[in-house]
Each structure stands twice: as structure tokens, then as C-alpha cells.
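In what follows, a structure is listed as C-alpha cells, so that the remarks can point back to it.
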């Protein structure tokens, strides 16, 4: 590991008599890309504030290499005191660079911030984008980002991924977005019960490593007292059992997607029967030719869809394109401008939008979960003791009488899910349910939704969550259209790329022109460097090879039986195709750059 630019040594921090950070040590190197992982309430945000120097620890030492600049993105940005969002962004520049406002203009364009907007009236997403720009504008040596993807749409998340992939400094990320962490992390910091463990590998290796650590700890715990052993056993069994169950659920999801793919293709009357609970009719929603415009802008037009019992439908698209409006029309809460919507029989809808309005601060955890049922919860035809139900939602029974006001935001979201899932329903509508949830709660949410007997409509910007759960996706691109695709987010990207390629004319390759480059006469002092010329000479063959690989992969994916025969292989091949296309785009762009550079030198 390279010498650290920031270190925490023997850090102690208590809230009341409870230790949050216990003799903690943490070191950040100049090029580290660390993801900070832990349950809601474990102290991740607190630790990040200690690293940023915002919170003073009760004991220990915080050391920063002289000259190191640090920028911190909080979960809840505060732009009060600034007249406009641009002023707020410019405020992130170092004192001696305040005149370089052009940097703000670049980030404002990239992040689509309305620079002259009043911060007091900005939405959560607008304020988050402005806060990101403020954090990035000074190009610090160390970035500290607390849930940077919250309230961002997929397009902005992917822009941020690309920006941070090219970041030259160090960063520490707190995020529930698995795909985001897989793309950016080089090491993982796990905060668990006040202590730090470090794994020097990317996030995709974390869960297997975490399970081994807990298994080893459980063996050691046998030598300790009963309380510690019980706490560790609960953690290990909960994580291990969930991993095993989720593998089975993923296999089931592939089977459901195969069924749904045939529905999307032929728009037939195939329905999926789910066991358990009171069922709705086989056809849940049927929309024909629906359209909706808002404030003179067409959100979507002439859209038709049939949603059957057991379908899990994701709604994807940038903020403001009409996802929630379409959801409200399909569930009968808003009328379309044109077309018709017919709802099925015996529907019991349940809407969860994470506003937490049903939770009162003076309620206890037990009261919020059981409602008026006392010590029992009635769910899915079963009656469970409230303490058992609490454990299923990762609450220790000791917090049963804890008031809601004492819970963290993530714990409140988990409690809200538990309270709502205890209500009878056969149509579940979730609008951005994953914001502010930790990894364990996301696993739990996926588990509960995978076992749900009814139909699910889900608005989310979490690409990995959509890939793990939905059987089809309705995508609004922002161009006045809505289109249904089989599968999750990754499936949509592949199918969209194939559709666009089929519709576009074949690009004209410049092979003949480039082939002759080697033989072209070059004048001294007006030629490319040896390295650039060598790269230019090899690019035609590389582009040709990539084009052949893409054609071969597309042909394999075009096999109508491939998905049904091998859904896992189809998924891997689809992701590989996206990587090949991105690589080809980069190679072609570099080719054009070198050609243009060579022409300019020859003038």
C-alpha cells in the first residue's frame, strides 16, 4: 500500500454510553478507491464526517498529509445562504481560485443543473446534482461521497461513474448501488460494531469475503460469553441463509423472464400463476393507446401494455420524463389524455413511496410493525409473533420498545417496509424504494419482493436491483415514447442497442484510406510521434476484429432459443456485447483523433 495521505489512529467516539467507533484505525492512500460498507446505524456517515474533519472524535488522532485537499458530499446537502445554485457550486472552489467560474459552467452543463435556480425551491435531485458539482469543482486530492447516487436518474449515475473512473485522486464512497461500487472500488472498508476491517479487492468480492469473516468469528465466539455468541450467530445465519435463498430466487427470476419475454413479443394472454394469498384476476392491467402531455410537453403517446398476475414490471428513465405519471395512469389514479386503461378484478393495491408519513415519532418499533394487532402480525395467510417478524427485518428484539424518533433514516425505511408488507395486497406499487437503504436491507427487500405472490410495479434508478428483480421494463427515454422490454436494465440496454443498430444505416468504414497511411510520404518535423504512428497503424486491424466479434455476438444473441436455453449465458453474453461496443466506439474515436492530428501536422 502507498504511503497514506490521511490516517485515523485509535479513534474513539461515543453517543451517550454507546461506542460508535471503538479504537478504530483507517489509512487512505493517494490512489485508493474505497467503498465504506455497513448496516444503517453502524456509523458510516459519522465515520466519513470524522475523516472529513467535520466531527471531532472523543479520542485518537486524525492526520492529514500537508497540502492534501479534501472535499465532502453529505447525504443531505445544505445550500441555504446562497442566492443561486451556481453560487453554491462556485463556493466549492479553493479560496485562491474563486475567479475560475468557468469550471462551474462545465459541471452545470454536464450535470444538467439550472444554475440560476433558487436553492430553497430546488428538488432533492437538483440539489444533489448541484452538491456533486460543488464537491468536484475544486478537484481535491481526496473525495468523500456519502450516497452520491441518491435521487439521481440512471443517465446521471452513469455520467458520474465515467467521471470518477478517470479521477486521479483518492475517494471513499458510501453507496447502496452495487453496480456503482463494482465499477469504482479497488478496496472495501467494512464498519461493523464499531470496528474496521479492510479487504483489498473490489466490491464484487466483498460478500463472499464478509461471509468467511463472520464464519471464522462465529467459531471464535464459542469461547466467549453467551451474549456475544448469540449476536454473532444471528449475523452469520442471517447473511448465509439469505445468500442461499437468493440464488434460488435468481433461478426463478430467469424462468419468469422467459415467460414474460414471450408476452412482450406476441402480446398474447399468457398469465403467471403465483401460489399463496388471495389472488387478483389473471389480467391485472390492460392499457390501450394511452397518451399524456404535461405543460405542453408530450410524455408518451399511443402506449399499450398488458400486465398479468405475477408480473414484476420496472419503470426506467431520466427524472421528469413521466415515470410516476405513467404509473398513476396504469393504476387508475390519473386519467390519460387519450386511450383507455382497464383494471383487473379483485385488486388490492398497496402504494409505498418512502415518504414515511405512516410512521409517527412517538410510536415504538413494535407498535409500528403490529399496528393494532398487539403481539401478532398477520401476513400472507400466516400469523407471526411480532418479535419473530422483527428479526426477519433485521431488528434485534431488544429495540421493540424503542421510539421511532430514535431510529436512523435507513432503519425507519426498513421499519416502513416491514409495516407495509404486513398489510394485505396483491398489487404492490413502489416508487423509488431503495433510497437510503443499506446492503442488508436491499437484500432483504429483494428477498421479500421475490417471494411476493402478487404483481409488482417498481420505479427505480438502481440498475442492479432492477436486474435482480423485474421480469420486464417499461422505458421512457424522454422523447415522448414509452417502450416495453423483456428483462431488467441490462437486458433493456442490449435490446435497445440491437434495435438501434438494426434501424441505422451501416457506417462507412475508412479502411482504404487508413490502409494507405503506412505508405504515405511524411516530412520530417510534420509527422506523428513514433508511438502515435504505431497506434494509428494498428487501429484498422483492431477495429475490424472488434466489428467481427460484435457481429458474431449479435448473431448468437439473435437466436430466439438462446434465452430460454441458457438465461445466465444470455446475460453474460449481453453484457459482453455492451463492453465490445463501448470499446469499438473508443477505438473509432481515437482513430479519427489521430487522423485529424496527422492532417493538421501536414499542413
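Considering the stretch 1-26 alone, what residues qualify as being surrounded by fewer than 22 Cβ atoms within 10 Å (Cβ to Cβ) and within 19 Å of residue 206 (Cβ to Cβ)? Residue satisfying the conditions is 1 alone. Those residues that are out of contact with any helix residue (DSSP H, G or I) (no Cβ under 7 Å at 6 or more places or on another chain) and in a loop (DSSP other than H, G, I, E, B), I need them from the stretch 99-111; list them, please. Those that are out of contact with any helix residue (DSSP H, G or I) (no Cβ under 7 Å at 6 or more places or on another chain) and in a loop (DSSP other than H, G, I, E, B): 99, 100.
Please determine whether any residue of the stretch 271-283 is modelled with pLDDT under 95, touching a strand residue (DSSP E or B) at 6+ places or on another chain (Cβ under 9 Å) and part of a strand (DSSP E or B). Taking every residue of the stretch 271-283 in turn, at least one turns out to be modelled with pLDDT under 95, touching a strand residue (DSSP E or B) at 6+ places or on another chain (Cβ under 9 Å) and part of a strand (DSSP E or B). Inside the stretch 71-98, can you point out the residues that are within 29 Å of residue 124 (Cβ to Cβ), out of contact with any helix residue (DSSP H, G or I) (no Cβ under 6 Å at 6 or more places or on another chain), in a helix (DSSP H, G or I) and without any contact (Cβ under 8 Å) to a residue 40 or more places away in the chain? 87, the sole residue that qualifies.
Looking across the stretch 440-451, just one residue is surrounded by fewer than 20 Cβ atoms within 10 Å (Cβ to Cβ) and free of Cβ contacts under 8 Å to residues at least 40 places away in the same chain, and that is 448. Reported count of residues in the stretch 165-182, each being surrounded by 19 or more Cβ atoms within 10 Å (Cβ to Cβ) and either outside the structural domain of residue 38 (by TED's automatic domain parsing) or in contact with a helix residue (DSSP H, G or I) (Cβ under 8 Å, 6 or more places away or on another chain) (or both), is 11.
Residues in the stretch 50-70 that are surrounded by 19 or more Cβ atoms within 10 Å (Cβ to Cβ) and either assigned to a helix (DSSP H, G or I) or free of Cβ contacts under 8 Å to residues at least 12 places away in the same chain (or both): 3 in all. Here 556, 599, 593, 544 are screened, and the one residue that is without any contact (Cβ under 8 Å) to a residue 40 or more places away in the chain, part of a helix (DSSP H, G or I) and surrounded by fewer than 11 Cβ atoms within 10 Å (Cβ to Cβ) is 599.
The values are calculated or read from the model by the stated rules, or taken from the named source; none is laboratory data. All of these numbers come straight from a predicted model, not from anything done at the bench. FYI the Cβ positions are ideal-geometry reconstructions off the backbone, even for glycines, and counts take in every protein chain you see.
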